[in-house]
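The values are calculated or read from the model by the stated rules, or taken from the named source; none is laboratory data. Not measured: the values here are computed from a predicted model. Methodologically, a virtual Cβ is constructed for each residue, glycine included, from the backbone with ideal geometry; neighbour enumeration extends over all protein chains shown.
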Amino acid sequence: MSNTEHSMGSQTLLQLSDIRKSFGAVRALKGVSFELNTGEVHALLGENGAGKSTLIKTITGAHHPDGGSMRVAGIDVSNLTPSKARELGIACIYQQPALFPDLTVSENIGLRLKKSGLFSRVRWTAQREHTVELLQQIGAEISPDAVVRTLSMPEQQLVEIACALGSGARIVVMDEPTASLTQKEQLLLFKVVSDLRKKGVGVIYISHRLEEIFTLADRVTVLRDGESVGTYAVDSLTESAMIKLMVGREMSSIYPPSEGALGATVLKLRGLGCAASGISGVNLEVRAGEIVGMAGLVGAGRTELARILFGIIPADSGEIILNGETLQIRSPREAIARGIAYVPEDRRRHGVILEMPIAQNMTMASHPRFFPNGWLRLNAEQQLADNFIRDLGIKAFSSDAPGGSLSGGNQQKVSVARWLATQPKFLILDEPTQGVDVGAKSEIHKIIRGLAKEGLAVLMISSDLPEVLGMSDRVAVMRNGKLVDIFEKQDADAHSVMSAALGTNRNEVAS
Amino acid sequence: MNKYFRELTVAIALALLILSLAIFAPHFFQAQPLVSRLTSQMPALVAAVGIALVIISRQIDISIGAQFSMCAIVAGVTASAGFPLGIAILAALVTGALMGAVNGVLVAYLGLPSIVVTLATMVTWQEALRLWQQGRLLALPNGIQWFGLSQQVGQIVVISVAFTLVVGAAWAMKNLSGGRHIYATGTDAEAARLAGIDPKRTTFRVFVLMGLLTGLAAVLNLVQSPQVQPNCGDGLDLKTIAAVVVGGVAISGGRGTMWGVLLGMLLLANVNPALTHFHQPPYWEKAIQGLVILLAVVADGLRSRKTQF
């Protein structure tokens with residue numbers, strides 16, 4: 001039913017050429033070209049951080065590209081703003097619908113579609129009728145008077161789609177629309193998508209589920225490291241070929257080698273789970289001196305697992321065994337006392353307090369250790385900070401400077417220092433080099449390897465596949481809240497790790 | 001920019017005010033009236049230290065005036081019942097700490113917004129006091145005023161207690177783990193939690209401390225007159241919050257020093273006597289105070305806009 005070559009009269013609806021966009025030193029898009037025809041479902045595929053979101057935000061006018069051109073139906077649209085994009089008929093349906101939860105469906109649709117002055121009257125009947133009509137068009141059985149809060153997530157997505165339709169959208173972007181849908185709801189969504197296609201709407205479809213792309217899409221464009229690898233007819237590709245296109249790149253940097261024998265098992269997880277965060281049955285061992293890399297897609301449950309281990313959301317099933325002792329960890333405080341450290345993902349909010357001096361940031365998690373009776377020894381604190389600044393090569397004016405005055409890489413080092421100061425036995429790093437420039441990245445890699453050499457057990461969560469492969473002694477892969485595969489270093493290659501993360505190899509390790 | 005820039009500007013403003021008084025109105029510095037004026041400001045200064053702790057931890061407490069009145073009346077009733085002064089003081093402190101604990105539990109452990117919680121407790125304490133005392137003026141037994149000492153010595157005791165407290169609080173905020181916890185919690189409670197600090201416990205303790213300090217403030221007020229009014233804390237909320245804000249404590253939490261609080265208090269408190277000595281009508285006082293507060297807030301706003309990361 002899908003994969004029809006361009007139907008008659010198909011025209012180019014959207015044309016992006018050589019789009020470039022940087023955030024500070026990070027080049028998110030390095031000249032991406034993309035094309036969408038009428039009546040086409042065009043899939044966008046790529047790893048985490050390949051540039052999909054940035055591209056989408058450029059199309060919807062949320063980001064301003066630094067270079068390149070964008071045409072909608074042949075007309076050049078530079079200086080696109082979100083409202084201008086909407087006028088041009090570009091609509092985006094996000095994973096988390098952006099509706100007003102306390103208003104009804106028809107009020108939401110009315111608000112979205114009608115631009116009205118403060119004193120213009122609301123035409124309730126007309127608004128309601130219009131809503132009914134739109135909902136019927138997409139075959140959604142939703143009452144127009146239902147309060148949005150009471151709707152399920154897929155129903156809310158349908159309301160979003162109705163909005164898009166009502167606004168006369170010609171280009172509809174769907175960002176992982178099936179991520180939270182059940183099988184049945186997915187089928188309904190697929191039907192809506194093919195209806196849209198029949199109406200001549202161009203759909204940009206983002207999904208990590210390859211089988212959906214095969215079912216729905218006509219063409220696929222693969223992004224990798226901010227570049228478009230190519231555009232292909234879906235028919236012409238196999239799953240395996242798609243994965244190869246996503247990950248196929250050479251190692252761009254040299255990683256510090258692992259050496260020396262591994263020590264005793266430090267951390268052992270047995271059937272660990274937490275219903276609240278959707279994690280279940282995780283078995284894992286990390287030994288002293290070992291770096292276990294953790295790969296997986298965004299939302300696979302890696303950060304959630306780290307948060308369980310650190311007591312932020314305590315586990316409700318299974319066991320955490322640290323140095324042979326079974327632990328109940330109910331708060332970060334307890335985790336720290338037991339020798340677990342967690343360098344969080346959100347460095348600027350949680351890793352470093354930007355307003356606080358560097359020295360204070362570094363001792364923040366180790367007050368009980370350094371200042372057992374509650375008296376701060378400011379000179380000792382200063383000394384400790386100076387040592388870390390020297391040992392980790394942190395570029396800072398002084399240990400008195402606020403954390404916010406540092407560059408991203410140096411902030412990350414401060415965050416690492418804070419946790420080293422607690423003298424942990426087991427260190428969790430969550431995206432340790434995200435948004436860090438190349439030089440600082442390799443310095444951080446050296447620091448991490450150095451810590452492992454000193455006998456620390458390290459769990460490194462990263463969406464940067466080369467980093468995971470280059471740094472890890474073993475690679476664990478998570479998907480849908482489960483630890484689905486563990487690779488020894490020699491078996492871990494980009495293709496097999498990515499396949500495991502996407503769930504395309506069926507021989508999962510029974511855990 | 002200097003870390004203490006904000007405190008410095010207030011210090012300079014205060015110095016200018018004092019200097020111009022010294023030149024144009026030297027009467028201002030007559031010893032006895034000066035000490036009396038200073039003494040009368042000490043209860044508010046002590047209460048302001050408590051408010052500062054609360055605001056640094058990114059909360060607010062508007063029940064401070066009601067707490068203050070309640071503590072004063074409890075101490076007064078205890079003393080009238082024939083208990084010694086020490087017991088009366090203790091009663092005020094315990095009452096304050098208990099009221100603070102009520103706010104603390106509701107804010108920290110039930111996660112309710114402090115502005116609503118303290119609004120509710122404010123009305124509750126006020127009305128309880130009204131039902132209990134029916135607005136009566138409570139005459140205090142002998143031996144309470146000025147701690148039973150001479151007025152001069154009593155005034156010195158009051159001033160020294162308050163100043164010792166400010167110095168102690170300033171020292172503690174810098175040198176005690178607990179002080180650091182308050183700053184961290186006020187800057188970002190979640191970040192603090194991830195660093196093993198318990199923001200709930202910190203917040204709870206801050207409210208208890210605040211109540212305790214209000215109790216002490218009430219005592220320092222009680223000993224200055226032969227009677228106590230059941231509404232003696234009225235207006236204290238605005239007065240202390242204003243002083244704290246003028247002194248450079250960020251209303252958004254995480255920043256501020258006790259030195260700033262001291263300077264802010266002294267600056268605002270000197271507006272009225274300065275008017276008198278410059279022979280200006282005293283009803284300008286509130287307007288000028290308002291202007292100073294506005295200036296401080298605008299300065300903070302501009303500054304935080306510049307330093308946004």
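Only one residue in A:Thr231, A:Thr303 is within 29 Å of A:Arg369 (Cα to Cα) and among the hydroxyl-bearing types (Ser, Thr, Tyr). Which one? Answer to the check: A:Thr303.
Would you list the helices (runs of 4 or more DSSP H) that sit entirely within segment B:113-194 and hold 3 or more residues that are within 14 Å of chain A (Cβ to nearest Cβ) and small (Gly, Ala, Ser)?
On the way: elements: B:114-133, B:151-175, B:177-187, B:189-194.
The qualifying helices (runs of 4 or more DSSP H) are B:151-175, B:177-187, B:189-194.
Checking each residue in segment A:369-391 for being acidic (Asp, Glu) and either under 20 Å from A:Leu456 (Cβ atoms) or at the interface with another protein chain (Cβ under 9 Å from one of its Cβ atoms) (or both) picks out only A:Asp391. Which condition does A:Ser366 not pass, out of (1) over 27 Å from the mean Cα position of the chain (by Cα); (2) more than 11 Å from chain B (Cβ to nearest Cβ), if it passes all the others? Failing condition for A:Ser366: (2). Of the residues making up segment A:370-396, those that are under 22 Å from B:Leu176 (Cβ atoms), in a helix (DSSP H, G or I) and more than 33 Å from the chain's Cα centre (by Cα) number 8. In segment A:397-420, of all residues being of a type outside the set (S, T, N, Q), surrounded by fewer than 23 Cβ atoms within 10 Å (Cβ to Cβ) and closer than 24 Å to B:Lys174 by Cβ, the one that is farthest from the other protein chains (Cβ to nearest Cβ) corresponds to A:Phe397.
Is it the case that some residue within segment A:36-53 is surrounded by fewer than 19 Cβ atoms within 10 Å (Cβ to Cβ) and farther than 30 Å from A:Leu187 by Cβ? No, segment A:36-53 contains no residue that is surrounded by fewer than 19 Cβ atoms within 10 Å (Cβ to Cβ) and farther than 30 Å from A:Leu187 by Cβ. Taking segment A:303-353 as the range and being without any contact (Cβ under 8 Å) to a residue 24 or more places away in the chain and within 18 Å of A:Ser462 (Cβ to Cβ) as the test, the residues that pass are A:Asp346, A:His350. The criterion of at least 2 residues that are out of contact with any Gly (no Cβ under 6 Å at 6 or more places or on another chain) and more than 29 Å from A:Leu88 (Cβ to Cβ) is met, among helices (runs of 4 or more DSSP H) falling completely within segment A:147-260, by A:183-198, A:210-216, A:239-247.
Just a yes or no: is a residue in segment A:40-49 modelled with pLDDT under 90 and of a type in the set (A, V, I, L, M, F, W, C)? Yes, some residue in segment A:40-49 is modelled with pLDDT under 90 and of a type in the set (A, V, I, L, M, F, W, C). Filtered by the rule that a residue be touching a residue at least 60 places away in the same chain (Cβ under 8 Å) and either surrounded by fewer than 18 Cβ atoms within 10 Å (Cβ to Cβ) or of a type outside the set (Ser, Thr, Tyr) (or both), segment B:185-198 gives B:Gly186, B:Asp188, B:Ala189.
Given the residues B:Leu212, B:Leu238, which is the only one that is more than 30 Å from A:Tyr342 (Cβ to Cβ), more than 14 Å from chain A (Cβ to nearest Cβ), among the aliphatic types (A, V, I, L, M) and surrounded by 21 or more Cβ atoms within 10 Å (Cβ to Cβ)?
Details: B:Leu238 fails: surrounded by 21 or more Cβ atoms within 10 Å (Cβ to Cβ).
Criteria check complete, one pass: B:Leu212.
Looking only at residues of segment A:417-476 that are farther than 22 Å from A:Asn361 by Cβ and among the polar types (S, T, N, Q), we find that the one that is nearest to the chain's Cα centre (by Cα) is A:Ser463. When every residue of segment A:337-357 is checked against the conditions, none turns out to be buried (at least 18 other Cβ atoms within 10 Å of the Cβ), facing chain B (nearest Cβ under 10 Å), under 21 Å from A:Leu305 (Cα atoms) and among the basic types (Lys, Arg). Has segment A:1-20 got any residue that is out of contact with any Phe, Trp or Tyr (no Cβ under 7 Å at 6 or more places or on another chain), surrounded by fewer than 16 Cβ atoms within 10 Å (Cβ to Cβ) and within 24 Å of A:Ile243 (Cβ to Cβ)? Within segment A:1-20 (the criterion being out of contact with any Phe, Trp or Tyr (no Cβ under 7 Å at 6 or more places or on another chain), surrounded by fewer than 16 Cβ atoms within 10 Å (Cβ to Cβ) and within 24 Å of A:Ile243 (Cβ to Cβ)), the answer is yes, since at least one residue qualifies.
Checking every residue in segment A:314-333 against the condition of being within 16 Å of A:Arg474 (Cβ to Cβ), aliphatic (A, V, I, L, M) and more than 14 Å from chain B (Cβ to nearest Cβ) gives zero matches. Looking only at segment B:195-207, residues that are farther than 18 Å from A:Pro332 by Cα and away from every other protein chain (no Cβ under 14 Å) come to 3 in all. Checked against (1) in contact (Cβ under 8 Å) with a residue 12 or more places away in the chain; (2) within 26 Å of A:Leu187 (Cβ to Cβ); (3) part of a loop (DSSP other than H, G, I, E, B), A:Glu141 meets all criteria but (1). In the set (1) within 14 Å of chain A (Cβ to nearest Cβ); (2) of a type in the set (Gly, Ala, Ser); (3) in a helix (DSSP H, G or I); (4) touching a residue at least 60 places away in the same chain (Cβ under 8 Å), the condition left unmet by B:Gly256 is number (3).
What are the residues in segment B:55-111 that are in a loop (DSSP other than H, G, I, E, B) and touching a residue at least 60 places away in the same chain (Cβ under 8 Å), if any? It would help to see each step written out before you state the result.
Initial filter on segment B:55-111 (in a loop (DSSP other than H, G, I, E, B)): B:57-63, B:81-84, B:110-111.
Passing the criteria: B:Ser57, B:Arg58, B:Gln59, B:Ile60, B:Asp61, B:Ile62, B:Ser63.
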